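**Q** Dumping the structure here so I can ask a few things about it.
Please treat every number below as a calculation from the coordinates, not as lab data. The shown structure was predicted, so the numbers you read here are calculated from the model rather than taken from an experiment. Note: ideal-geometry Cβ built from the backbone for every residue, glycine included; neighbour counts use all protein chains shown.
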Amino acid sequence: MALHITSLNSGSNGNCYYVGNKNDAVLVDVGLSCRETEKRMKKLGLDMKTIKAIFVSHEHGDHIKGVSTLANKYGLPVFITGKTAAHGPRLIGHLAKKFTTDEPVSIGSLTITPFVKYHDAIDPHSFMISYAGVNVGVLTDIGRVCSKVTRYFKQCHAVFLESNYDETLLENGKYPIYLKNRIRGGLGHLSNKEALDLFVEHRSPALSHLLLSHLSKENNSPELAAQVFEPFANGTTVVVASRFCASEVYTITASSFLDRDRSIDQPVQLGLFE
Ligand SMILES: [Zn+2]
Ligand SMILES: [Zn+2]
């Protein structure tokens, strides 16, 4: 009883997260082209036929640009709120299925729970995908850690967690002040420090994998984000999801962390996929 997860791409150039079991899978956002999504799935040995639905977190281009083509090619339902649909991917027509915040949706053997988040979009949502007691969170594009983020984060065995920017790099960087304030103003993105605080304070003892996601190209680096989390990993596998390629496929079980012998000193499990 396991969920397989991968980031097909993560960053402001395109986001696409795969979560599924042997029979059923969903994509959260399709910010890659249809062709690139297919190519990366194939390279990982994942079958497009397992994908049963697409969930759209919000209408920004890096999350929706491949949705229409992929959905139409495979006849996939696109779960989206009414408000996001009005500003979101075109040409999904009859494939659009509305979801309502906090109301779980069943897709085959999977359960997807949407919940609202703070972000400068029309009606932005995060998701927790559950199967056989295993919970995986997709938490990117969050302006701040709110009570919903902590409530769901605590329940997860694996999380795609935004770690967008280093506060000093953003402050001293070349972005205009309005953009800096947009990013750090509570409706933009989560900093490395904010993500770390969430991880340290609220992780479940069963959190086996943390995939640091949606890293800024200008105001962060995979090495820096990894360094921030390394001292606190404490047995959790911390991986940086790349903006250039897919991560490997991770298998998440309810006991994958607890099975390990934590009584002995373990090397920090840290991977970089760049
Ligand atoms: Zn984004
Ligand atoms: Zn966004």
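**Q** Need the C-alpha centroid separation for segment 5-60 versus segment 69-129, integer Å.
**A** Cα centres, segment 5-60 to segment 69-129: 14 Å.
**Q** In 10 Å bins starting at 0, how do the alpha-carbon pair distances of the chain split up by percent?
**A** Taking all Cα pairs of the chain, the binned fractions are 7, 32, 39, 19, 3, 0 percent.
**Q** Using a 10 Å cut-off on Cβ atoms, rank the peptides 75-82, 190-197, 124-131, 175-182 from the highest mean neighbour count down. List each step's numbers first, then the result.
**A** Values: 75-82: 19.6, 190-197: 21.5, 124-131: 24.1, 175-182: 12.8.
The most tightly packed comes first, giving 124-131, 190-197, 75-82, 175-182.
**Q** Please give the residues of segment 138-168, grouped as numeric ranges, whose backbone N is less than 16 Å from a label point set 7 Å along the Cα-to-Cβ vector of M1.
**A** Under 16 Å, as judged by backbone N against the label point of M1, lie 156-158 of segment 138-168.
**Q** Taking 4 °C and 1.567 mPa s as the conditions, I'd like the Stokes-Einstein D for segment 2-89 in µm²/s, using the Kirkwood hydrodynamic radius from alpha carbon pairs. Each step should come with its number before you reach the end.
**A** Values: Rh = 12.7 Å.
The estimated diffusion coefficient comes to 102 µm²/s.
**Q** Separate question: For a paramagnetic label modelled at 7 Å from the Cα of K154 toward its Cβ, which residues of segment 199-218 fall within the zone defined by backbone nitrogen distances under 13 Å?
**A** Those under the cut-off are 201-205.
**Q** Is it possible to state the helix-based mean residue ellipticity at 222 nm for the chain, with each DSSP H run of 4+ residues giving -39500 (n - 2.57), the sum divided by total residues, to the nearest 500 deg cm²/dmol? What is it? Walk me through the numbers on the way to the answer.
**A** Details: 9 runs with 68 residues, N = 274.
Only helices count here, giving -6500 deg cm²/dmol.
**Q** Using Cα-only point scatterers and the Debye equation, what is log10 of I(q)/I(0) for segment 178-252 at each q in 0.20, 0.23, 0.26 Å⁻¹, rounded to two decimals?
**A** Here log10 of I(q) over I(0) equals -0.95, -1.17, -1.34.
**Q** Can you give the FRET efficiency for S204 and I177, using 1/(1 + (r/R0)^6), R0 = 35 Å, r = Cβ-Cβ distance, to the nearest 0.05?
**A** Values: r = 38 Å, r/R0 = 1.10.
In this case the efficiency is close to 0.35.
**Q** Can you return the lysines within cross-link range of K43? Criterion is Cα-Cα under 23 Å, with same-chain partners fewer than 8 residues away left out.
**A** Qualifying lysines at Cα under 23 Å: K22, K52, K65, K73.
**Q** To the nearest µm²/s, what D does Stokes-Einstein give for segment 38-126 at 25 °C and 0.890 mPa s, using the Kirkwood radius over alpha carbon pairs as Rh? It would help to have the intermediate numbers written out before the result.
**A** Details: Rh = 13.6 Å.
Estimated diffusion coefficient is 180 µm²/s.
**Q** Across 10 Å bins from 0, what is the distribution of all Cα-Cα pair distances for segment 149-209, in whole percents?
**A** Going from the shortest bin to the longest, the percentages are 22, 44, 24, 11, 0.
**Q** With a point put 7 Å past each Cα toward its Cβ, work out how far E38 is from A86 in nm, to one decimal.
**A** Going by the 7 Å Cα→Cβ label model, 3.5 nm.
**Q** Let me ask something additional. Normalising by the residue count of segment 2-272, find the relative contact order in percent from Cα pairs under 8 Å and 6+ residues apart. Could you put the intermediate results ahead of the total?
**A** Working: 641 pairs, mean separation 50.8, N = 271.
Value for segment 2-272: 19 percent.
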